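The values are calculated or read from the model by the stated rules, or taken from the named source; none is laboratory data. Note that the coordinates shown come from a computational prediction; the quantities given were computed from them, not determined experimentally. FYI the Cβ positions are ideal-geometry reconstructions off the backbone, even for glycines, and counts take in every protein chain you see. Ligands, DNA and RNA are excluded from the accessible area calculation, which covers all protein heavy atoms including side chains. Shrake-Rupley method; radii C 1.70, N 1.55, O 1.52, S 1.80 Å.
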Amino acid sequence: MEPFRSLTAKACPLPMSNVDTDQLIPARFMSRPRSAGYGDFLLYDLRFDAAAVPRPDFPLNRPERAGSAVLVTRRNFGSGSSREAAAYALLDHGIRCVLAPSFGDIFSSNAVNNGLLPARMEEDAVEALLAWLDAGNAEVTVDLESRVLAAGGTRWDFAIDPVWRTKLLNGWTDLDLTLSHRTAIDAFMEADHARRPWAWLDGPAGPAALG
Amino acid sequence: MAGNGPRTLFDKVWEAHVILTREDGQALLQIDRHFFHEGSHHAFNQLRARGARVARPSQNIGVADHYVPTRGRGNAIADDTIRRMVQQLSDNAADHGLRLFGLDSPAQGIVHVVGPEQGLTLPGLTVVCGDSHTSTHGALGALAFGIGASEVAHVLTTQTLWQRRPKRMRIAVEGSTGPGIAAKDIALSIIARIGTDGAQGHAVEYAGSAIRALSVEGRLTLCNLSIESGARSGMVAPDATTLDFLRGRPFAPREDAFDRAAEAWLALPGDPGAEFDREVVLDGAEIAPIVTWGVSPEDALPVTATLPDPDRAADPARAAQIREGLDYMGLHAGQRIADIVVDRVFIGSCTNSRIEDLRAAAAVLSGRRARIPGLVSPGSTLVKRQAEEEGLDRIFTAAGLEWVESGCSMCVGMNGDLVGAGERCASTTNRNFKGRQGKGARTHLMSPAMAAAAAVTGHLTDVRPLLEGRA
């Protein structure tokens with residue numbers, strides 16, 4: 001996974017609350033393999049009208065926002081469905097960081113697992129940043145090392161779980177680390193078989209149920 | 001951290017699964033049950049890319065639900081994409097030797113109905129699935145939560161998951177609820193009270209006399225909707241109601257083994273004096289039949305109310321949300337909710353498709369005609385069979401509703417069961433998000449009895465007068 005350290009890029013305002021993952025990527029697009037690319041589906045029903053024509057007034061469609069890698073939005077971004085495709089759609093569209101007052105728990109976890117930074121900022125700071133972007137500004141610097149966002153002459157702190165920060169800074173994935181603990185895992189599960197035989201579906205007393 | 005002091009239900013289940021804790025506080029948890037479905041294909045592809053195999057095949061169970069057709073079972077699936085998605089699930093299960101409740105299984109159904117119904121979900125287990133409504137399984141006292149595809153791949157490969165310990169929140173509903181009030185009304189009232197992000201970062205335990213009085217089916221509905229208040233998991237402490245539900249289920253332990261397990265399960269409820277990071281209390285007597293009017297589950301009001309006015313909202317973000325909701329839903333400020341005319345109903349989904357849900361809807365529809373079309377999709381093939389034995393299917397069809405097979409169906413529309421653009425649906429599902437039931441579809445969430453009432457009158461309706469003199 002690509003490490004995330006510091007990013008200077010254009011930011012796009014999305015002044016909406018509760019942008020759920022059904023909006024980030026409608027369910028009808030999720031049967032495709034990831035290798036096909038998910039960027040075109042990002043916020044599809046908000047970006048395009050019924051005839052699949054881009055809505056000119058939607059922030060991500062405005063020419064001055066083309067190439068934005070940062071999204072600034074209101075509370076509860078990424079709530080709802082656990083679909084990791086929401087993170088794929090953002091990343092494949094070129095978004096590396098979302099700034100919002102709060103995020104859906106499953107979404108933020110999926111984001112971090114894919115190298116996308118979900119950065120939490122106070123509601124007032126987000127409103128100020130939205131106003132600054134609305135005034136025609138664009139370029140921001142997101143520094144994960146110091147957890148500071150710089151926009152124009154102003155600097156705001158943002159918050160991120162320290163474990164996730166380390167993971168993003170290093171581009172780590174969990175799996176290799178877990179596999180290094182294989183012996184401890186096996187021993188724990190062996191003991192658990194004796195401690196909670198009812199929790200296992202592989203024992204000799206396993207049910208002869210259909211399935 | 002709980003230490004040696006009094007512990008909550010959540011603490012006990014969490015601590016029994018911690019294999020190791022990293023310096024930074026992340027815990028490696030043993031996962032007892034992983035349910036997968038058609039949508040889990042990203043994770044299986046990740047395994048394929050690494051050449052990895054499933055570590056503990058017995059603990060991973062597949063269920064065909066998200067894409068399955070609800071009509072024409074037994075025939076080949078006409079739509080290429082849908083056929084491929086269902087086939088891919090079977091192939092992945094076969095490739096790794098995993099148990100599958102496939103399209104043709106007599107016990108097929110929605111994963112969050114099948115797990116508890118089969119006794120695969122038990123108290124004290126950790127349960128995960130690549131679906132946010134996995135919180136449902138917490139109704140039996142399991143710690144159950146939805147995960148993303150990378151986490152699914154991690155569970156398949158190791159039967160473990162790294163997690164940060166969430167905070168603990170207790171939501172108590174005290175007293176008793178009035179007649180005609182369902183678990184759905186309790187859940188939507190909670191979400192309206194605390195907001196869709198109200199429980200973010202928390203593991204919720206539902207408690208209080210109104211919760212204890214719920215059947216397991218009601219508790220499943222309640223825990224199902226935990227994610228709509230932002231909580232990844234919601235739990236109810238196991239009790240005699242839980243044991244009665246589980247005894248004799250196909251995958252539950254049997255005879256002496258059940259009694260030994262039950263002893264462990266009954267030790268799970270929180271100790272007296274165990275502390276929560278946050279507590280919320282609702283009065284059960286104040287809960288009314290409730291419906292959503294906007295595009296977030298927190299936009300919920302009693303059916304007797306009128307719609308809010310964005311110009312009167314104190315906060316600009318809230319005003320914007322009200323305006324956006326009214327606009328998308330084709331409604332106006334000050335309108336009476338009971339005057340909202342509905343185009344169709346859907347009774348089904350992992351939230352409300354169990355036998356008690358179908359009985360509640362049938363009690364309203366019995367001897368009456370629906371004024372609008374509607375779809376009834378039972379939560380599992382076994383629920384369908386039981387409903388037919390009880391004659392419920394004939395009540396639905398006599399009323400003019402369509403009685404179909406089991407699956408996620410019109411809750412998410414992946415199988416082609418869609419609400420048309422601009423159409424308004426009274427739905428027993430879990431999300432009134434824009435486009436959730438189909439592009440441009442307008443969803444009002446409510447209980448099965450309330451959906452049945454809307455079918456009978458053709459508009460959003462207080463079900464209580466329709467239940468007078470009935471069960």
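If you go through the stretch B:410-430 one residue at a time, how many are touching a His at 6+ places or on another chain (Cβ under 6 Å) and in a loop (DSSP other than H, G, I, E, B)?
Count: 1.
Working only within the stretch A:106-142, note down all residues that are within 22 Å of B:Q46 (Cα to Cα) and open to solvent by 30 Å² or more (accessible area, probe 1.4 Å).
Step one: list which residues in the stretch A:106-142 are within 22 Å of B:Q46 (Cα to Cα), which gives A:106-117.
Answer for the stretch A:106-142, where residues must be within 22 Å of B:Q46 (Cα to Cα) and open to solvent by 30 Å² or more (accessible area, probe 1.4 Å): just A:N114.
Output the residue which, of all residues in the stretch B:52-72 that are surrounded by fewer than 16 Cβ atoms within 10 Å (Cβ to Cβ) and among the charged types (D, E, K, R), is nearest to A:D186 (Cα to Cα).
Here the answer is B:R53.
Can you confirm whether B:Q163 is touching a residue at least 60 places away in the same chain (Cβ under 8 Å) and within 10 Å of another protein chain (Cβ to nearest Cβ)?
Yes; evaluated as a whole, the condition is true for this residue.
Do we have B:S447 as of a type in the set (G, A, S), surrounded by 20 or more Cβ atoms within 10 Å (Cβ to Cβ) and closer than 28 Å to B:S105 by Cα here?
Criteria not met by B:S447.
Based on what the data block shows, is B:R359 in contact with an Asp or Glu (Cβ under 9 Å, 6 or more places away or on another chain), at pLDDT 95 or above, not in a strand (DSSP E or B) and not assigned by TED's automatic domain parsing to the domain that holds B:F245?
yes
B:A93 is checked against (1) more than 10 Å from chain A (Cβ to nearest Cβ); (2) surrounded by fewer than 21 Cβ atoms within 10 Å (Cβ to Cβ) and fails just one. What number does that condition carry?
(2)
Look through B:R371, B:R318, B:R323 and report the one residue that is at pLDDT below 95, more than 26 Å from B:F35 (Cβ to Cβ), open to solvent by 20 Å² or more (accessible area, probe 1.4 Å) and not hydrophobic (A, V, I, L, M, F, W, C). Reasoning before the result, please.
Numbers: B:R371 fails: at pLDDT below 95; B:R323 fails: at pLDDT below 95.
Exactly one residue qualifies, and that residue is B:R318.
Within the bounds of the stretch B:126-142, is there any residue that is buried (at least 24 other Cβ atoms within 10 Å of the Cβ) and farther than 27 Å from B:A207 by Cβ?
Scanning the stretch B:126-142, I find at least one residue that is buried (at least 24 other Cβ atoms within 10 Å of the Cβ) and farther than 27 Å from B:A207 by Cβ, so the answer is yes.
Do you know which residues across the stretch B:415-431 are more than 23 Å from B:R371 (Cα to Cα) and within 17 Å of the chain's Cα centre (by Cα)?
Matches in the stretch B:415-431: B:N430, B:R431.
To keep it simple, each residue is scored yes or no on (1) more than 21 Å from the chain's Cα centre (by Cα); (2) among the hydroxyl-bearing types (S, T, Y); (3) within 13 Å of chain A (Cβ to nearest Cβ); (4) under 19 Å from A:D20 (Cα atoms).
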{"position": "B:L188", "(1), (2), (3), (4)": "no, no, no, yes"}
{"position": "B:A203", "(1), (2), (3), (4)": "no, no, yes, no"}
{"position": "B:L268", "(1), (2), (3), (4)": "yes, no, yes, no"}
{"position": "B:F276", "(1), (2), (3), (4)": "yes, no, no, no"}
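Residues in the stretch A:32-42: is at least one part of a loop (DSSP other than H, G, I, E, B), open to solvent by 40 Å² or more (accessible area, probe 1.4 Å) and out of contact with any Ser or Thr (no Cβ under 6 Å at 6 or more places or on another chain)?
For the stretch A:32-42, residues part of a loop (DSSP other than H, G, I, E, B), open to solvent by 40 Å² or more (accessible area, probe 1.4 Å) and out of contact with any Ser or Thr (no Cβ under 6 Å at 6 or more places or on another chain): present.
Looking for something under 30 Å from B:H96 (Cα atoms), at pLDDT 95 or above, assigned to a loop (DSSP other than H, G, I, E, B) and in the same structural domain as B:A49 (by TED's automatic domain parsing) - is there at least one such residue anywhere in the stretch B:192-201? Before the answer, list the steps.
The first filter runs over the stretch B:192-201 and keeps only residues under 30 Å from B:H96 (Cα atoms), leaving none.
No, the stretch B:192-201 has no match at all.
Output the residue which, of all residues in the stretch B:258-290 that are touching a Pro at 6+ places or on another chain (Cβ under 8 Å), closer than 30 Å to B:H459 by Cβ and aliphatic (A, V, I, L, M), is surrounded by the most Cβ atoms within 10 Å (Cβ to Cβ).
Checked the stretch B:258-290; the qualifying residue surrounded by the most Cβ atoms within 10 Å (Cβ to Cβ) is B:I290.
Pull up the stretch A:162-183, narrow it to residues that are free of Cβ contacts under 8 Å to residues at least 40 places away in the same chain and open to solvent by 70 Å² or more (accessible area, probe 1.4 Å), then point me to the one that is nearest to A:L7 (Cα to Cα).
Kept after step one, since they are free of Cβ contacts under 8 Å to residues at least 40 places away in the same chain, are these residues of the stretch A:162-183: A:162-163, A:165-166, A:175-183.
Checking which are open to solvent by 70 Å² or more (accessible area, probe 1.4 Å) leaves us with A:162, A:176, A:180, A:182-183.
Numbers: A:P162: 18, A:D176: 27, A:S180: 32, A:R182: 36, A:T183: 39 Å.
That would be A:P162.
Return the residues of the stretch A:91-134 that are assigned to a helix (DSSP H, G or I), closer than 17 Å to A:L42 by Cα and out of contact with any helix residue (DSSP H, G or I) (no Cβ under 7 Å at 6 or more places or on another chain); say none if nothing qualifies.
A:L91, A:S108 - these are the residues of the stretch A:91-134 that are assigned to a helix (DSSP H, G or I), closer than 17 Å to A:L42 by Cα and out of contact with any helix residue (DSSP H, G or I) (no Cβ under 7 Å at 6 or more places or on another chain).
Take the residues in the stretch B:271-315 that are charged (D, E, K, R) and in a helix (DSSP H, G or I), then tell me which one is farthest from B:A187 (Cα to Cα).
So, considering only residues that are charged (D, E, K, R) and in a helix (DSSP H, G or I), the one farthest from B:A187 (Cα to Cα) is B:D311.
Taking A:G211, is it over 17 Å from A:C97 (Cβ atoms) and either at pLDDT below 95 or away from every other protein chain (no Cβ under 14 Å) (or both)?
The answer is yes for A:G211.
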